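Asks: My structure is below; once you've seen it, I'll send some questions.
The values are calculated or read from the model by the stated rules, or taken from the named source; none is laboratory data. Quick caveat, the model's predicted, so the values are computed rather than measured. Cβ sites come from the backbone with ideal geometry, for glycine too, and all protein chains shown count toward neighbours.
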Amino acid sequence: MFKSEKFIEETIKKIRQDIKGRTLIAFSGGVDSTVCASLVNKAIGDNLIAVNVDTGYMRKNEPESIKKLMEHMKLNYRFIDASDMFFESLKGVFDPEEKRKIIGENFIRIFENVAKDEKIEYLVQGTIAPDWIESGDDFRDTIKSHHNVGGLPEDMNLKLIEPLRDLYKDEVRKVARSLKLIVSEKQPFPGPGLAIRILGEATRERTQIVREACDIVEKEIENAAKNNNMELPWQYFAVLLPTKSVGVQGDKRAYGFVIAIRAVQSIDAMTCVFSKIPSDIIEKISNKITNNLGNKINRVVYDITNKPPGTVEWE
Amino acid sequence: MTKIFVIDNGGQWTHREWRTLKYLDVDTKIIQNTTPVKEILNEKVNGLVLSGGSPRIGLEGNLGNCAEILDKVEIPIIGICAGHQFIARHYGGKVEPSKIPEFGKVELIIFEKDPIFNNIVKKSIVWESHNDEVTKIPNNFINLANSENCEIQIIKHKDKSLYGFQFHPEVEHTEYGIQFFKNFIKLCESN
């Protein structure tokens, strides 16, 4: 079995050996980076600076809640709104791998700027096993380039520290519980954010659509799980498809985009089964999406693919 | 402590094999398939797992030093997916593209008795991910299990604890995955 107390003790010791100066952590407020921040903070204290980047591809109210979390954890933090830069750099980009690599590079350039100003040598990332496994290398096939591994530029100036490399999400959660972190049960959210939940060009306008749809899916599913109407999935969200379909809205022909709902059960993201959401709940989600986003979305589908052959996110 | 190493052939789930063994309190390590056989022998391991690998590697080409390992290392070995296909090829069997590849959930049907099946029922859910499969069993091997779309799911050498699994016992969603490993560890310990 995995022993989180032992892991915490050994990791703090190792961080103290490995890190000999000022350090920056790429902080998203998810389970992985929050666990990392807590461990490194315990090891080197105020020599750690947490940097959170608002990419513009965040979920509803996310930047505010991350700020609160960093304050709650008493982290020495910097908050950087880089949404203009991200939207600009993804203009006209349709290929999922290209998106992930551009996003990965954006992050690093921002971190390098902070590092230069504040004389920082080390970059801590909350990379976990599936990130480097799926990013591939000369030996292992690339399934998708996780922004924090396959998306790293070759000419990076910071020394990389990744204390969670050999863990999977269920193990990171165990560490988070031992550390009594409030994010321990938070669902995973990819670093590239909503950009990879928009198939095709991730424009500001399309981000707004998928952000709204994700919010509806999250609220309805969390509510249903709270009322014991279903098991809370491991991950649950909406994807904006680039396909248009014909509908009828208010006695008028509609020709709008399609939202796919994705919800899966897993412990480690390496294999997943799609969640069996009760039909009345999925109906409620569908109604809400088409009513709230009526002029953009007139069709909702449910993704019934396991992993393999699918992956959790669509890009 | 029982020592079982995982030979990495570049699979998506190599690290899961390591994790499963680690959880079962085995002294385990992932090593590259190019590790010299001498080094493996010096480590005095009790068993080996030959992991799966990148697309089509089981169909053609070498898996690092896996051939030499099979020839020189006389301990229990399980080959998984591409590792399984490589074992079949190495001993004179045949591997071909699957007419119907299997991805994800599949029902495994066991039709032979074997120590590797202790406490495992005849029909169970396993997880698959393969484009190719063994179509001819080598001499001195027998087939122990199948599925709806794949006739050869588990091969075993007639005289040795040498197995090939087409499915993946190391992933969470394989129903008796941990039990397969427990049984394998037993074989390694009694060898």
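Asks: Report, ordered by the first and then the second residue, all pairs with beta carbons closer than 7 Å, sequence separation of six or more or different chains, a first member in region B:90-111 that is within 13 Å of chain A (Cβ to nearest Cβ), and a second member that is among the β-branched types (Val, Ile, Thr).
Replies: B:Lys105/B:Ile125; B:Val106/B:Val126
Asks: Does region B:1-22 hold any residues that are within 13 Å of another protein chain (Cβ to nearest Cβ) and closer than 12 Å to B:Ile185 by Cα, and which are they?
Replies: B:Thr20, B:Leu21, B:Lys22
Asks: Does B:Ser161 fit the bill of being farther than 26 Å from A:Ser266 by Cα and modelled with pLDDT under 95?
Replies: Against the criterion (farther than 26 Å from A:Ser266 by Cα and modelled with pLDDT under 95), B:Ser161 does not qualify.
Asks: Which pairs have Cβ atoms under 8 Å, sit 6 or more apart or on different chains, and link a residue in region A:154-170 that is under 25 Å from A:Lys186 (Cα atoms) and within 14 Å of another protein chain (Cβ to nearest Cβ) to one that is in a loop (DSSP other than H, G, I, E, B) and charged (D, E, K, R)?
Replies: A:Tyr168/A:Asp268; A:Lys169/A:Asp268; A:Asp170/A:Asp268
Asks: Let me ask something additional. Consider A:Ser245 against the criteria (1) closer than 29 Å to A:Trp132 by Cβ; (2) more than 14 Å from every other protein chain (Cβ to nearest Cβ); (3) of a type in the set (S, T, N, Q): it satisfies all of them except one. Which criterion is unmet?
Replies: (1)
Asks: Next question, about the same structure. Looking at (1) assigned to a strand (DSSP E or B); (2) more than 14 Å from chain B (Cβ to nearest Cβ); (3) under 21 Å from the mean Cα position of the chain (by Cα), which is the one condition that is false for A:Leu232?
Replies: (1)
Asks: Pick from region A:131-156 the residues that are among the acidic types (Asp, Glu) and in a loop (DSSP other than H, G, I, E, B): which of them is surrounded by the most Cβ atoms within 10 Å (Cβ to Cβ)?
Replies: A:Asp141
Asks: Now for a separate question. Considering region A:109-130 alone, what residues qualify as being more than 14 Å from chain B (Cβ to nearest Cβ), surrounded by 22 or more Cβ atoms within 10 Å (Cβ to Cβ) and assigned to a helix (DSSP H, G or I)?
Replies: A:Phe111
Asks: Of the residues in region A:271-292, how many are touching a helix residue (DSSP H, G or I) at 6+ places or on another chain (Cβ under 6 Å) and either within 14 Å of chain B (Cβ to nearest Cβ) or at pLDDT below 95 (or both)?
Replies: 0
Asks: So if I check each of A:Pro309, A:Pro233, which one is surrounded by fewer than 21 Cβ atoms within 10 Å (Cβ to Cβ) and in contact with a strand residue (DSSP E or B) (Cβ under 6 Å, 6 or more places away or on another chain)?
Replies: Numbers: A:Pro233 fails: surrounded by fewer than 21 Cβ atoms within 10 Å (Cβ to Cβ).
Residue meeting the stated conditions: A:Pro309.
Asks: Restricting to region A:88-108, name every residue that is in contact with a strand residue (DSSP E or B) (Cβ under 9 Å, 6 or more places away or on another chain), hydrophobic (A, V, I, L, M, F, W, C) and in a helix (DSSP H, G or I).
Replies: Once the filter is applied, which keeps residues that are in contact with a strand residue (DSSP E or B) (Cβ under 9 Å, 6 or more places away or on another chain), hydrophobic (A, V, I, L, M, F, W, C) and in a helix (DSSP H, G or I), region A:88-108 yields A:Phe107, A:Ile108.
Asks: From the list A:Ala260, A:Ala238, A:Ala254, which residue is closer than 28 Å to A:Glu201 by Cβ, more than 26 Å from the chain's Cα centre (by Cα) and more than 14 Å from every other protein chain (Cβ to nearest Cβ)?
Replies: Testing whether each residue is closer than 28 Å to A:Glu201 by Cβ, more than 26 Å from the chain's Cα centre (by Cα) and more than 14 Å from every other protein chain (Cβ to nearest Cβ) leaves just A:Ala254.
Asks: Report yes if A:Glu9 is surrounded by fewer than 17 Cβ atoms within 10 Å (Cβ to Cβ), in contact with a Phe, Trp or Tyr (Cβ under 9 Å, 6 or more places away or on another chain) and free of Cβ contacts under 8 Å to residues at least 12 places away in the same chain, otherwise no. Full working, then the answer.
Replies: Numbers: surrounded by fewer than 17 Cβ atoms within 10 Å (Cβ to Cβ): yes; in contact with a Phe, Trp or Tyr (Cβ under 9 Å, 6 or more places away or on another chain): no; free of Cβ contacts under 8 Å to residues at least 12 places away in the same chain: yes.
So A:Glu9 fails the test.
Asks: B:Phe117 - would you say it is on the phi < 0 side of the Ramachandran plot, among the aromatic types (Phe, Trp, Tyr) and within 17 Å of the chain's Cα centre (by Cα)?
Replies: So B:Phe117 passes the test.
Asks: Got at least one residue in region A:204-218 being at pLDDT 95 or above, part of a loop (DSSP other than H, G, I, E, B) and surrounded by fewer than 16 Cβ atoms within 10 Å (Cβ to Cβ)?
Replies: no
Asks: Considering only residues of region B:2-28 that are within 17 Å of B:Gly64 (Cβ to Cβ) and acidic (Asp, Glu), which is surrounded by the fewest Cβ atoms within 10 Å (Cβ to Cβ)?
Replies: B:Asp8
Asks: I need every pair where a residue in region A:221-233 that is β-branched (Val, Ile, Thr) has its Cβ under 8 Å from the Cβ of a residue that is not in a loop (DSSP other than H, G, I, E, B), sequence separation at least 6 or different chains.
Replies: From region A:221-233, the pairs are A:Ile221/A:Tyr236; A:Ile221/A:Ala263; A:Ile221/A:Ile281; A:Ile221/A:Ile285.
Asks: Determine whether A:Val53 is touching a Lys or Arg at 6+ places or on another chain (Cβ under 7 Å), surrounded by 22 or more Cβ atoms within 10 Å (Cβ to Cβ) and either in contact (Cβ under 8 Å) with a residue 24 or more places away in the chain or at negative phi (or both).
Replies: no
Asks: Right, something else. All but one of (1) crowded, with 17+ Cβ neighbours inside 10 Å; (2) farther than 18 Å from B:His168 by Cα; (3) more than 14 Å from chain A (Cβ to nearest Cβ) hold for B:Gly64, so report the exception by its number.
Replies: Failed condition: (3).
Asks: Additional query: So if I check each of A:Gly92, A:Gly136, which one is on the phi > 0 side of the Ramachandran plot and at pLDDT below 95?
Replies: Numbers: A:Gly92 fails: at pLDDT below 95.
Sole residue among the options that is on the phi > 0 side of the Ramachandran plot and at pLDDT below 95: A:Gly136.
Asks: All but one of (1) surrounded by fewer than 17 Cβ atoms within 10 Å (Cβ to Cβ); (2) within 14 Å of another protein chain (Cβ to nearest Cβ) hold for A:Glu222, so report the exception by its number.
Replies: (2)
Asks: Any idea how many residues of region B:29-59 are more than 14 Å from every other protein chain (Cβ to nearest Cβ), at pLDDT 95 or above and crowded, with 16+ Cβ neighbours inside 10 Å?
Replies: Selection size over region B:29-59: 8.
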